[in-house]
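Single-structure report; data block below.
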DNA sequence: GTAATGACCAGGC
DNA sequence: AGCCTGGCCATTA
């Protein structure tokens, strides 16, 4: 008898992560840890990063709305990904200074 | 199979 | 504010 896949496999977790990221409202920001907690796996903050890293360059998922718990971008200052994130956030009204956004924008 | 890696986090200093 | 440490856990080598 084929065991139905348990809901703890990484595919469902990945879907859950993407769903959460997708749910972040425009002009707001969340964190890796918050996403992890939201899907019921508070110790999987690193996994959230793993999922976002695997996204294709042309994705519609708003990965730019995810920063770390300190409100800082995970990318090195000045790197292409950093510039992209900063620009996208500022278009939405979330200023980024020195790689950091105001925590008041965090959901 | 083991070892290293990383878009993390909380706490300590 | 910064830097370090230990813990975390899927992915990758």
Checking A:72, A:53, A:86 against a Gaussian network model of chain A (alpha-carbon springs below 10 Å), the top fluctuating residue turns out to be A:53
For chain A, what relative contact order do you get, as a whole percent, if you take Cα pairs closer than 8 Å and at least 6 residues apart?
27 percent
How long are the semi-axes of the equivalent ellipsoid of chain A, defined as square roots of 5 times the Cα gyration tensor eigenvalues? Whole Å, largest first.
27, 14, 12
Relative to the present Cα-Cα distance, how much length would full extension add between residue A:88 and residue A:102 at 0.36 nm per residue of separation?
3.5 nm
Mean residue ellipticity (222 nm) of chain A, computed from DSSP H runs ≥ 4 via -39,500 (n - 2.57), nearest 500:
-11500 deg cm²/dmol
Label point at residue A:28 placed 7 Å out along Cα→Cβ; residues across the range A:53-90 whose backbone nitrogen lies under 16 Å
A:62-67
The residues A:12, A:28, sorted from fewest to most surrounding Cβ atoms within 10 Å, come out as A:12, A:28
Between the range A:66-90 and the range A:12-65, how far is it from one alpha carbon centroid to the other, in angstrom?
15 Å
Could you give the length gained on full extension between residue A:74 and residue A:11, defined as 0.36 nm per residue of separation minus the Cα-Cα distance, in nm?
20.3 nm
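No lab work stands behind these numbers, since they all come straight from the coordinates. As the structure is a computational prediction, the values presented were derived from the model and not from experiment. Counting neighbours? That spans all protein chains shown, and the Cβs are built from the backbone with ideal geometry, glycine included.
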